[in-house]
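The values are calculated or read from the model by the stated rules, or taken from the named source; none is laboratory data. Note that the structure is a prediction, hence the values are computed from the model and not measured. A quick note on method: Cβ atoms are made from the backbone with ideal geometry, for glycine too, and the neighbour counts reach across all protein chains shown. Please note that ligands, DNA and RNA were not included when accessible areas were found on the heavy atoms of the full protein model with its side chains. Shrake-Rupley method; radii C 1.70, N 1.55, O 1.52, S 1.80 Å.
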Amino acid sequence: MKKKKRLLGGAGLITLVLFLAGCSTKPVTGSSTGVWDHYIIWNFSRAIVWLSNLFGGSYGVGIIVFTIIIRIIILPLMQYQMNSSRKMMDIQPQMKALQNKYSSRDVDTQQKLQGEMSKLYKDAGVHPFASMLPLVVQMPVLIALYQGIQRTSVLRSGTFLWMELGKADPYFILPILAAALTFATSKLTMMGQAQQSGIQNVLMLWGMPIMILIMAISLPSALAVYWVVTNAFSVGQTMLLMNPFKLRAEREAKQQKKRDLERQLAKARRGKKRK
């Protein structure tokens with residue numbers, strides 16, 4: 001299941017790059033037609049320009065505020081995804097036990113494994129693909145943001161700090177920062193897991209940051225600004241809603257309580273044998 005999620009995530013990012021490479025460059029205005037151009041891209045562009053004017057005419061600040069607003073809007077979805085991930089972590093021992101029980105690779109055994117896994121997910125109230133929801137939601141936002149900037153002259157030629165928003169960061173500072181924050185988000189998420197497997201963790205920990213770095217280097221710096229803000233938001237959100245240090249402490253407390261109970265039971269059994 002985790003492999004499928006990573007493949008879907010990677011395929012989504014590759015699709016994003018290919019889509020952006022073939023995007024229209026025709027200017028978007030209030031007279032643009034079509035649902036995508038008129039109702040989505042034009043309103044994205046107009047919202048960013050309005051926010052920029054509200055905050056002193058800085059288009060970079062406008063993008064930052066716009067990104068924060070988007071993240072607040074999808075916060076309930078992110079919280080649902082995190083709650084589902086936490087439940088998934090809690091049932092990892094049962095999942096591992098089922099995988100060991102149905103370890104044979106024949107079709108019948110694998111069908112039994114899938115059936116038992118589905119039952120386990122249902123009983124625990126877990127949706128295995130819940131972690132993909134934020135990616136599905138944010139993909140159109142990224143595409144619309146890219147097109148809104150590229151097809152709006154004032155945004156495309158706008159500057160922020162040392163960058164021209166319609167062009168890539170010449171010093172690679174924001175792409176590196178975006179990749180570092182992506183790494184931090186993945187690392188914090190992994191730290192909260194009850195069980196970890198080596199190769200899967202390496203792929204999760206390094207794969208996404210590398211892809212973000214490559215894309216942020218080659219795409220307009222406005223998207224790098226978006227990635228930096230959204231990943232910084234994710235780090236804070238993870239620490240607030242799914243703090244790995246708190247999860248570890250809770251898990252260790254449960255394990256200690258279980259060990260204490262086992263020792264008490266063993267001591268009681270020895271006492272009965274002496275009598």
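Structure notes:
- Residue check, Tyr80 in contact with a Gly (Cβ under 6 Å, 6 or more places away or on another chain) and open to solvent by 40 Å² or more (accessible area, probe 1.4 Å): no
- Cross-chain or 6+ apart pairs with Cβ under 8 Å, the stretch 50-70 first and touching a residue at least 40 places away in the same chain (Cβ under 8 Å), then polar (S, T, N, Q) and in a loop (DSSP other than H, G, I, E, B): Ser52/Ser58
- Qualifying residue in the stretch 110-121 (condition: out of contact with any helix residue (DSSP H, G or I) (no Cβ under 8 Å at 6 or more places or on another chain) and modelled with pLDDT under 80): yes
- Number of positions in the stretch 91-110 that are under 30 Å from the mean Cα position of the chain (by Cα) and exposed (fewer than 15 other Cβ atoms within 10 Å of the Cβ): 8
To keep it simple, each residue is scored yes or no on (1) out of contact with any helix residue (DSSP H, G or I) (no Cβ under 8 Å at 6 or more places or on another chain); (2) open to solvent by less than 20 Å² (accessible area, probe 1.4 Å); (3) on the phi > 0 side of the Ramachandran plot.
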position	(1), (2), (3)
Leu223	no, yes, no
Tyr226	no, yes, no
Thr230	no, yes, no
Gly236	yes, no, no
Leu241	no, no, no
Arg251	yes, no, no
Gln256	yes, no, no
Asp260	yes, no, no
Lys272	yes, no, no
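- Check on Arg105, of a type outside the set (A, V, I, L, M), on the phi < 0 side of the Ramachandran plot and in a loop (DSSP other than H, G, I, E, B): yes
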